[in-house]
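Notes to accompany the following structure.
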Amino acid sequence: MSNLYVVDHPLITHKLSIMRNKKTGSKDFRELLDEIAMLMGYELTRDLPLEDINIETPVTKMKAKAISGKKLAIVPILRAGLGMVDGLQRLIPVAKVGHIGLYRDPETHLPIEYYCKLPPDIDERIVILVDPMLATGGSAVDALTMLKNKGCKHVRFMCLVAAPEGVKHVQDKHPDVDIYTAALDEGLNEHAYIVPGLGDAGDRIFGTL
């Protein structure tokens, strides 16, 4: 079963509370999402493997540590996932960025694919799939399936707010994928929105309310 990590650092919790407030405008919402993504990225990359390298400081030669092993890729689920890319890229500037386009049918609440563009060596990378909201889990499950069909073997999912229903759906369909979230909320309402949540993340990021 995949692990669920709630990254509840006080700075993240504080910034998320501001984002939840319906009075927070798009500019502040985008900036806070960017900041939280970077802070969460610190925790998500905690277990990256290190290797010894030889360097020379102004004082002496030494063995130092550097990240080793597989390269990374950041893959946002369009469109809201775009708001989390820059923060992660500041931590991992060499990471490649792919895009997966899914939207939720307003009647069935099921995800529909309309775009997929990934680095050609995506199967050789540790992939960080990002989307601010994990509601029903449909989009995340479909995106993870798409990545695995491309040969990806090391994928992590990062979101801002998750509902228990979405977490269970991802864990049932992709038990090998670890989930990182800033908050685990109460659940979903009759419209499949997370409660208390923060509304539609895409609309709040891009001002299309």
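Brief remarks on what is shown
- Residues that are within 15 Å of LEU91 (Cα to Cα), out of contact with any Gly (no Cβ under 9 Å at 6 or more places or on another chain) and not in a strand (DSSP E or B) within region 29-72 comprise TYR42, GLU43, LEU44, THR45, ARG46, ASP47, LYS71, listed in sequence order.
- Subset of region 67-90 (residues that are among the aliphatic types (A, V, I, L, M) and under 16 Å from MET158 (Cα atoms)): LEU72, ALA73, ILE74, VAL75, ILE77, LEU78, ALA80, LEU82, MET84, VAL85, LEU88
- Residue in region 164-209 that is surrounded by the most Cβ atoms within 10 Å (Cβ to Cβ), counting only those that are assigned to a strand (DSSP E or B) and hydrophobic (A, V, I, L, M, F, W, C): ILE194
- Members of region 73-99 found to be touching a residue at least 24 places away in the same chain (Cβ under 8 Å), farther than 12 Å from GLY41 by Cα, touching a Lys or Arg at 6+ places or on another chain (Cβ under 8 Å) and not in a helix (DSSP H, G or I), listed by number: ALA73, ALA95, LYS96, GLY98, HIS99
- Tabulated pairs, region 31-54, first more than 28 Å from SER17 (Cβ to Cβ), second open to solvent by 30 Å² or more (accessible area, probe 1.4 Å), C-beta under 7 angstrom, 6+ apart or interchain: LEU48/ILE67; PRO49/GLY69; LEU50/LYS65; LEU50/ILE67; ASP52/LYS63; ASP52/LYS65; ASN54/LYS61; ASN54/LYS63
- Subset tally (residues that are in contact with a strand residue (DSSP E or B) (Cβ under 9 Å, 6 or more places away or on another chain), open to solvent by less than 80 Å² (accessible area, probe 1.4 Å) and more than 15 Å from ILE126 (Cβ to Cβ)) for region 63-90: 11
- Check on LEU44, within 23 Å of GLY202 (Cβ to Cβ), aliphatic (A, V, I, L, M), modelled with pLDDT under 95 and within 12 Å of the chain's Cα centre (by Cα): yes
- Tabulated pairs, region 147-171, first of a type in the set (S, T, N, Q), second open to solvent by 10 Å² or more (accessible area, probe 1.4 Å), C-beta under 7 angstrom, 6+ apart or interchain: GLN171/MET1
- Among residues that are assigned to a strand (DSSP E or B) and at pLDDT 95 or above, LEU129 is included.
- In region 1-28, the qualifying residues are those that are assigned to a helix (DSSP H, G or I) and touching a Lys or Arg at 6+ places or on another chain (Cβ under 9 Å), and the one that is surrounded by the most Cβ atoms within 10 Å (Cβ to Cβ) is MET19.
- Taking residues in region 192-209 that are within 9 Å of VAL161 (Cβ to Cβ) and in contact (Cβ under 8 Å) with a residue 40 or more places away in the chain, and partners anywhere that are of a type in the set (Gly, Ala, Ser) and open to solvent by 10 Å² or more (accessible area, probe 1.4 Å), the pairs with Cβ atoms closer than 6 Å and at least 6 places apart or on different chains are ILE194/ALA135; ALA201/ALA80.
- Evaluating LYS148 against the criteria (1) farther than 29 Å from PRO10 by Cβ; (2) outside any loop (DSSP other than H, G, I, E, B); (3) open to solvent by less than 30 Å² (accessible area, probe 1.4 Å) leaves one unmet condition, (3).
- Selection status of PRO93, more than 18 Å from CYS159 (Cβ to Cβ) and either touching a Ser or Thr at 6+ places or on another chain (Cβ under 8 Å) or open to solvent by 70 Å² or more (accessible area, probe 1.4 Å) (or both): yes
- Filter result for the condition that a residue is on the phi < 0 side of the Ramachandran plot and open to solvent by 90 Å² or more (accessible area, probe 1.4 Å), over ASP47, ASP123, ASP105, ASP142: ASP47
The values are calculated or read from the model by the stated rules, or taken from the named source; none is laboratory data. All values derive from a computational prediction rather than experimental measurement. Every residue, glycine among them, receives a Cβ derived from its backbone with ideal geometry; neighbour counts consider all protein chains shown. Protein only, heavy atoms only, side chains kept; ligands, DNA and RNA dropped before computing areas. Shrake-Rupley method; radii C 1.70, N 1.55, O 1.52, S 1.80 Å.
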